[in-house]
Amino acid sequence: MTVELVGTAERTLPGREFAALYAQAQRFYAHQMRLLDAHDTESWAETFAEDALLQLLSLPGPVRARAGLDGYVRAGAARQRRAGSRLHHWVGMLDVRPQADGSLHTRCSALVYVTPSQGGPRVLYVCVMEDVLVRFGDEWRIAHRRVTRDDLA
């Protein structure tokens, strides 16, 4: 599934309906980042649609999220364990835009920081994360994610 991050008409929703969608998006990201930080790669991959695309600057090109990320995330987890540190993700300043097709286009700031076994945490990256979320039963899943680093924009 190829999903554009722009170009789909936004949908105006009543306040309560929008507030409920916004809260769902916040819960989705809190859950997804906890899974990533815990290195639960299988559960994290399930937060993506089967044919989701992921664009990261650290990858040579877009990858199919489920098929292409398991090894990438596992390798990152192994590096962190060897270094004796923990990698964490924080998502904030979330903007949620419901679309006419029922999807949500989101944009947020994401901090990636490391906590070494000795010393305090330090920020590694400040990123902008843009997603297209689609319904899968009662859950949201990512159909497309583009992550750019703030310092390279």
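Points to keep in mind about this one:
- Any hit, region 2-11, residues being modelled with pLDDT of 70 or more and of a type in the set (Ser, Thr, Tyr): no
- Cβ-Cβ contacts under 9 Å between residues 6 or more apart (or on different chains), taken from a first residue in region 80-105 that is within 21 Å of PHE136 (Cα to Cα) to a second residue that is of a type in the set (D, E, K, R) and in a loop (DSSP other than H, G, I, E, B), are listed as ARG97/ARG11; PRO98/ARG11; GLN99/ARG11; ALA100/ARG11; ASP101/ARG11; GLY102/ARG11.
- Conditions (1) over 22 Å from ALA45 (Cβ atoms); (2) touching a helix residue (DSSP H, G or I) at 6+ places or on another chain (Cβ under 8 Å): number failed by TYR113: (2)
- Selection within region 106-122 - closer than 16 Å to ARG81 by Cα and of a type in the set (Ser, Thr, Tyr): TYR113, THR115, SER117
- Failed condition for VAL132, given (1) under 30 Å from PRO14 (Cα atoms); (2) modelled with pLDDT under 95; (3) among the hydrophobic types (A, V, I, L, M, F, W, C): (2)
- Conditions (1) surrounded by fewer than 16 Cβ atoms within 10 Å (Cβ to Cβ); (2) more than 14 Å from TYR29 (Cα to Cα); (3) of a type in the set (A, V, I, L, M); (4) touching a strand residue (DSSP E or B) at 6+ places or on another chain (Cβ under 6 Å); number of the one not met by LEU87: (1)
- Leading residue by the ranking (surrounded by the fewest Cβ atoms within 10 Å (Cβ to Cβ)) among those in region 38-50 that are of a type outside the set (A, V, I, L, M) and more than 19 Å from LEU94 (Cα to Cα): GLU42
- The residues on offer are VAL114, VAL123, and the sole one that is more than 15 Å from the chain's Cα centre (by Cα), part of a strand (DSSP E or B), of a type in the set (Val, Ile, Thr) and surrounded by fewer than 13 Cβ atoms within 10 Å (Cβ to Cβ) is VAL123.
- Residue in region 100-110 that is closer than 24 Å to ALA20 by Cα, of a type in the set (A, V, I, L, M) and surrounded by 13 or more Cβ atoms within 10 Å (Cβ to Cβ) present: yes
The values are calculated or read from the model by the stated rules, or taken from the named source; none is laboratory data. From a predicted model like this one, the values you see are computed outputs, not experimental measurements. Glycine gets a Cβ as well: all are built from the backbone with ideal geometry, and neighbour counts include every protein chain shown.
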